[in-house]
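Working notes, structure below.
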Amino acid sequence: QVQLVESGGGLVQPGGSLRLSCAASGIIFRLYDMDWYRQAPGKQREFVVGITSGGSTNYAVSAKGRYTISRDNAKNTVYLQMNSLKPEDTAVYYCQAKTTFLTYWGQGTQVTVSS
C-alpha cells in the first residue's frame, strides 16, 4: 500500500519559516519524481516545486528564492523548507510522487501564515 504522509505544517507569522516533510512508503522512492503542490481556499491546486529522481529541481515563480526542496532517499522523505513566508502562502500543501505511469498524492498539511 502506497502512503505519502506530510507533516510540519502549522501557524506561522509573516516572515517566518516552516519545514514540511513527506514520508513515502510502499514505493521505490528513489525512482520517483517528487513534487509539492498547494491549494488555497477557493483556488485550484498549483505546482510549487519539484525534484526529480536524479535530483534536478524546478520551482514555481512564487517559490523561487524562498523555498528549497530536498530529498533523502535513505529515509524515503522529501522536504520543503519555506522561508520568508507571506499570508498568500496560506494553503494546504500536498506531496506528489510520480513516474511516467504512476502518480500518488498525500493527504496534505495545512500551512497558515498570519499575524
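Miscellaneous remarks
- Positions within segment 71-90 being within 17 Å of Arg38 (Cβ to Cβ) and either over 11 Å from the mean Cα position of the chain (by Cα) or in a loop (DSSP other than H, G, I, E, B) (or both), in sequence order: Asn83, Ser84, Leu85, Lys86, Pro87, Glu88, Asp89, Thr90
- If you go through segment 1-19 and keep only what is over 29 Å from Thr100 (Cβ atoms), open to solvent by less than 50 Å² (accessible area, probe 1.4 Å) and either part of a strand (DSSP E or B) or in contact with a helix residue (DSSP H, G or I) (Cβ under 6 Å, 6 or more places away or on another chain) (or both), you end up with Gly10, Val12, Leu18.
- Residue check, Ser62 open to solvent by less than 60 Å² (accessible area, probe 1.4 Å) and part of a loop (DSSP other than H, G, I, E, B): yes
- Within segment 80-115, being open to solvent by less than 30 Å² (accessible area, probe 1.4 Å) and of a type in the set (Phe, Trp, Tyr) holds for one residue alone: Tyr93.
- Considering residues of segment 44-59 that are touching a strand residue (DSSP E or B) at 6+ places or on another chain (Cβ under 8 Å) and part of a loop (DSSP other than H, G, I, E, B) only, the residue surrounded by the fewest Cβ atoms within 10 Å (Cβ to Cβ): Gly55
Residues are listed down the side, and each one gets a yes or a no for (1) among the aliphatic types (A, V, I, L, M); (2) farther than 22 Å from Tyr104 by Cβ:
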position: Val12; (1), (2): yes, yes
position: Gly15; (1), (2): no, yes
position: Leu20; (1), (2): yes, no
position: Asp33; (1), (2): no, no
position: Arg38; (1), (2): no, no
position: Thr52; (1), (2): no, no
position: Asn58; (1), (2): no, no
position: Ile69; (1), (2): yes, no
position: Asn76; (1), (2): no, no
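- Unmet requirement for Cys22, which otherwise passes all of (1) touching a residue at least 60 places away in the same chain (Cβ under 8 Å); (2) part of a loop (DSSP other than H, G, I, E, B): (2)
- Members of segment 98-114 found to be part of a strand (DSSP E or B) and either more than 24 Å from Gly55 (Cα to Cα) or modelled with pLDDT under 95 (or both), listed by number: Gln110, Val111, Thr112, Val113
- Some residue of segment 66-73 being open to solvent by 60 Å² or more (accessible area, probe 1.4 Å) and either in contact with a helix residue (DSSP H, G or I) (Cβ under 8 Å, 6 or more places away or on another chain) or at pLDDT below 95 (or both): yes
- Among (1) surrounded by fewer than 16 Cβ atoms within 10 Å (Cβ to Cβ); (2) modelled with pLDDT of 95 or more; (3) under 17 Å from Val113 (Cβ atoms), the one test that Pro41 misses: (2)
The values are calculated or read from the model by the stated rules, or taken from the named source; none is laboratory data. Predicted model only: the values in this text are computed from it and were never measured. For neighbour counting, all protein chains shown are included, and Cβ atoms are generated from backbone atoms with ideal geometry for every residue, glycine included. Please note that ligands, DNA and RNA were not included when accessible areas were found on the heavy atoms of the full protein model with its side chains. Shrake-Rupley method; radii C 1.70, N 1.55, O 1.52, S 1.80 Å.
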